[in-house]
Amino acid sequence: MSYEVVMGLEVHVEMSTESKLFCSCSAKFGAEQNENVCPACSGMPGFPAIVNKRAIELGIAAGLVTNCKIASVMSFDKKNYFYPDLPTGYQITQFFAPICTNGWVELESGKRITLKQIHIEEDAGKLVHESRTRKTLVDFNRASVPLIEIVSNPDFRTADEVNEYLEKLRLLLSFAGISDCKMQEGSMRCDINLSVREMGNEVLGTRTEMKNMNSLKAITRAIEYESQRHIDALETGSEKLIQETRRWDDDVGMSYSMREKEEAADYRYFPNPELMPVVIDEAWIEAVRAELPEPAHEKCERMINELCLPEYDSKIISGSQNLSRIFDDTYKYFDKAKDVSNWILGELLAIAKDTDTDDDDISVDAVKFATVIRLVDEGKINRSVGKKVLLKVFEDDIDPEVYIEENSLGMVSDTGLLESAIKEVLTENEKSVAEYRGGSQKVFGFLVGQVMKKTAGKADPRSVNELLKKML
Ligand code: ZN
Ligand code: MN
C-alpha cells in the first residue's frame, strides 16, 4: 500500500515593532526578566488595551507579500483558556475577521502553497523552570508582543516542501521588515498538522499537531517520525490514531502526546468588547505597499541582469536581508559590483565566521567598507592587508585611511626596496634557489612567501612575482 502525507502549517512570527501590541512596553528581545511589563500586559484589571498601529501596518505588509486579500474591516476577539503564562486568562487574537485571507506562496517547482489566513495576535509570557529551587517562574516580557499567525491549507506533501516554504516565508517577511524571523530566538515558530491517507483517497486521515517547532532540521526529522508512526498505525493497527497535540523531543527523536486536540468551540471565542473594529481603506493599503522594500527574488534578478553578477553571488547575497543591505549601502560608495560582492562573500563572511557572528548580525560601516575595497582596487594596500583593516573596521570601527597611515601598511611596490628584500631572501635560502633552478616549480611559492614576510605582508604580490622570476 502506498501512502500520502498531508500537512498544513501554522507559522507564528514575532513582528519587529518597538512596542507591544496593546501597551507601550518595549517588545525587544533580550531584556532582564519582567523588565518590559506594565499593568496592561500583565493582566491587571481595568487597564484598557490600545492597538499598536505599526503592528497593523506590518500585518498588512505580510498580506501583501503573500498575495492575500486584505480585510476592509478587521477586529479582535478573545480566545479563552487557562495557562500560567497567560495573565488575563484569554489571548487577544483574530477569529471572526482576520486581517488577511486567501494568499499563496509559490515554491521553486511552481506549486503554490495556499494560505487560509493571516491573523494578528498577542504572544504569551514564558515559563521558566528552575531546577535549583524546583519552582516555576513566569517572565511576562513576551506577553502581548505582537505576532502574526500564518495559516496554510493542507497543501504540503513532503518535508522538503515544508522547508522550502519556511525559507521563502523567512525571506519574504524579513525583506519586508516585518520580522527578523530568527527561529533560534523563537521569533519564528511553526506548528505542523499532519495526517496520512492511502494514495488516491480524497478523505483526510486523523490529524495530529506538533507545536512550536523552531529548527528546520528538527522539523524534517519530526515529519519523518510522525508520518511513519501514522503509517505503522494504519498498517498494523498497533495504536489507534486520535486527534491530539503532540510534543516533538528532538534529542530523543520521538513525539509524545501532550493533550487531546481542542476544537475551536473549546476556546469560546467572542469579540473583544474593549477593542473597536479597525477599518483598513485602500489608501492605507497603498501607503504600506509603497513603503515595501524590494523583495529578495527581484533583488536577485536585478543583481544578475543589471549588475551582471554571477547567479551564485546574487543568490547568497539576496538570501539574507542583512547582506543585501550591506551590499546596497557599500555599492553606493564603490560602484564595482563584482568587487563589492567578492569582498562580502570572501573577506566579510570569513570575518563573521571567525568572530562567530551570524550573517544577519554583521554590522559594518558602509563608507569604511567601501574605502577598504577602493584602496585595494587602487593598489594602495594589498588584499591581505585589506582584510586585516576590514577586521579592524568590523571590530573597532577604525578609520581605514588613518589606520593604514598610522601603521604604515601602504603597499610596497618600490622596485628598489623589493629587489633588496628579494636579494636577502635568495641568499638566506640557497637550497630552495638551487631546487628551483633544478626545475622544481614548487619552491617558487615558498620564496614569494618569504619576501612577503620580509616586507611585513605589504609588498605588491604582482611585482614580487615578476621581480623574483627575473632575479632567479
Ligand atoms: Zn505593557
Ligand atoms: Mn496562534
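The values are calculated or read from the model by the stated rules, or taken from the named source; none is laboratory data. Worth saying up front: this structure is predicted, and the values here are computed from it rather than measured. As a convention, Cβ positions derive from the backbone with ideal geometry for all residues, glycine included, and neighbour counts pool all protein chains shown. SASA here: full protein model, heavy atoms, side chains in, ligands and nucleic acids out. Shrake-Rupley method; radii C 1.70, N 1.55, O 1.52, S 1.80 Å.
D123's amide H: which non-local residues (gap 5+, or another chain) put their own amide H closer than 5 Å, with H modeled 1.01 Å from N in plane and none for Pro or chain starts?
S144, V145, L147
Hey, rough spin-label estimate for E435 and E185, points 7 angstrom out along Cα→Cβ, what's it come to in nanometres?
5.1 nm
Could you work out the relative contact order of the stretch 294-406? I mean the mean sequence separation of Cα pairs under 8 Å and 6+ apart, divided by the number of residues, in percent.
21 percent
With a 1.4 Å probe and every protein chain left in place, tell me how much accessible area R302 has, in Å² to the nearest 10.
The value for R302 is about 70 Å².
Among the GluC sites (Glu not before Pro) in the stretch 42-130, which ones are in a DSSP loop with at most 14 other Cβ atoms within 10 Å of the Cβ? Mind listing them?
In loop regions of the stretch 42-130 (DSSP not H, G, I, E or B), the sparsely surrounded GluC sites (Glu not before Pro) are E108.
What order do D313, D359 take when sorted by accessible area (1.4 Å probe), most exposed first?
D359, D313
Please compute the modelled spin-label separation between N342 and E301, points set 7 Å along Cα→Cβ, answer in nm with one decimal.
Each label point lies 7 Å from its Cα, and together they span 2.9 nm.
Could you work out how much longer the chain between C38 and K332 gets when fully extended? Use 0.36 nm per residue separation minus the Cα distance between them, nm to one decimal.
101.5 nm
Fully extended, how many nm does the chain gain between V367 and S2 (0.36 nm per residue separation, minus their Cα-Cα distance)?
125.5 nm
Counting other Cβ atoms within 10 Å, keep those with at most 13, restrict to DSSP loop, and tell me which GluC sites (Glu not before Pro) in the stretch 243-315 are left.
Passing both the DSSP loop test and the Cβ count: E262, E263, E274, E306.
Dipole of the chain (Lys/Arg Cβ +1, Asp/Glu Cβ -1, origin at the Cα centre): which of I148, L447, M303 lies farthest to the positive side?
Value computed over the given set: L447.
For the stretch 425-468 and the stretch 140-171, what is the separation of their Cα centres, given in Å?
57 Å
Considering the alpha-carbon set of the stretch 168-274 alone, what are its Rg and its Dmax in angstrom?
Rg and Dmax of the stretch 168-274, Cα atoms, are 16.7, 53 Å.
Can you put Y267, Y331 in order of accessible area, largest first, using a 1.4 Å probe?
Y331, Y267
Tell me the GluC sites (Glu not before Pro) within the stretch 14-44 that lie in a loop according to DSSP and have at most 12 other beta-carbon atoms within 10 Å.
Here the sparse-neighbourhood loop sites are E18, E32.
Antiparallel as a % of all DSSP beta bridges within the chain, to the nearest 5?
Close to 95 percent.
Can you list the residues of the stretch 186-221 with backbone N under 18 Å from a point 7 Å past the Cα of E263, pointing along Cα to Cβ?
Within reach of a label on E263: 204-209.
With viscosity set to 0.692 mPa s at 37 °C, what whole-number translational diffusion coefficient in µm²/s follows for the chain from Stokes-Einstein and a Kirkwood radius over Cα pairs?
Value of D from the Cα-based Kirkwood radius: 124 µm²/s.
For the chain, list the cysteines whose Cβ sits under 4.7 Å from no other cysteine Cβ?
C23, C25, C38, C41, C181, C190, C300, C308
Sort Y83, Y256 by heavy-atom solvent-accessible area, probe 1.4 angstrom, most to least.
Y83, Y256
Once you wrap a convex hull around the alpha carbon atoms of the stretch 18-66, what is its projected area averaged over all directions, in nm²?
That works out to 4.1 nm², a quarter of the Cα hull's surface.
What does the extension gain come out to for L349 and E424, with contour length at 0.36 nm per residue minus their alpha carbon separation?
23.3 nm
Please name which of M411, F270, M7 has its Cα lying farthest along the dipole of the chain towards the positive end, using unit charges on Cβ (Lys, Arg +1; Asp, Glu -1) and the Cα centre as origin.
Value computed over the given set: M411.
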